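Beneath this line is the structure, given in structure tokens, with notes to follow.
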């Protein structure tokens, strides 16, 4: 990944881990019951840390009475994943497709993310669109850096944007326009979390926490035999000078992905440009929604919808949430007075820790 984005990914992951640790301290202090059982579970807790996708940090925790170390298998799996979907690996499947008009799909990772992206693209009326890659590059946030684009440049690139400009099946992907490019960065971390979680499940692990760059899957319970409790990052935590949770939330057999523009942005001539680009306008978003945390059965879709909601804004996101089964969210927006307000869908309200 590009150096600036890599640095921001590290900062974001460290901030999330700091919030997670603060939550664990909070839970330990206020949950003294079941000490004997907790000690037994804690002895079986395995905690693995590493990096993937360049320098994106990962954290994996699981309870295993056999105390097995799955890190070599996780690292091998993530390496193969990057070889398929990382635009920063020159010979990856996605990089080769971006240089060609078609590609024979060889890995097991490419088709599922293409299919899920198509689903979210259609459900969000194009707000989530991996073909936005040329615009993301033009604004300096992608795998190819350009200078601040002119209006004419933006208009020319918009002609390449549209998920309908590709066609695919399990064996092949084809471009309908030769200069169309894909960037799966808005869904790849979530998908990678699912892939690691599936590996643990295949090993017979029932209780685990998998986090990659802020995207998370939790199953079962933690080492204290409680639901995993996480922090939703305060979008203004940098102003406070420390990791800070806006809300705490319990996760019961779900994925959580958060998107926001408080980590990755440019300031040019005094103007702040967010890294989330609206595929339809061609410009960085500007609205009151500051953070979208999405809860779903899988992290790939949670990740995609979180990005889409940051494009759509608060009111349109609520409309989509109301008509999409198995999808919940905690949205943080700014009111007219500049105050941060939290909104939780009905399905997640009971899991918010007040």
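No value in this document is a laboratory result; all are computed from the given coordinates. What you see is a predicted model, and the numbers here were worked out from it, not measured in a lab. When we count neighbours, we look across all protein chains shown, and the Cβ atoms used for this are built from the backbone with ideal geometry, even at glycine.
Overview of values
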| quantity | calculated |
| --- | --- |
| On Cα atoms only, tilt of 71-85 relative to the major axis of the chain in degrees | 20 |
| Among 298, 198, 183: highest mean-square fluctuation, GNM of the chain, C-alpha pairs under 10 Å | 198 |
| Estimated [θ] at 222 nm from DSSP helical runs (n ≥ 4, -39500 (n - 2.57)) normalised by residues in the chain, nearest 500 | -12000 deg cm²/dmol |
| By average C-beta atoms within 10 angstrom, highest first, the peptides 158-164, 43-49 | 158-164, 43-49 |
| Over region 79-185, relative contact order from alpha-carbon pairs under 8 Å, at least 6 apart, % | 30 |
| Inter-part distance where region 113-188 and region 245-282 are each reduced to a Cα centre, Å | 18 |
| Region 161-302 shape via C-alpha gyration tensor axes, a/c threshold 1.5 | oblate |
| Sequence ranges 97-110, 79-92, ranked by mean other-Cβ count within 10 angstrom, highest first | 79-92, 97-110 |
| Cβ-Cβ FRET estimate between residue 167 and residue 99, R0 fixed at 25 Å, reported to 0.05 | 0.90 |
| The chain: most fluctuating residue of 307, 150, 131 per GNM, C-alpha cutoff 10 Å | 150 |
| Relative contact order of the chain, pairs being alpha-carbon contacts under 8 Å that are 6 or more residues apart, as % | 17 |
| Shape category assigned to region 196-276 from the gyration tensor of Cα positions, a/c cut at 1.5 | prolate |
| Exposure proxy order (Cβ contacts within 10 Å, fewest to most) of 189, 250 | 250, 189 |
| Fully extended contour minus Cα-Cα distance, from residue 67 to residue 343, at 0.36 nm per residue | 95.3 nm |
| Relative contact order %, region 212-255, counting alpha carbon pairs below 8 Å whose residues are six or more apart | 47 |
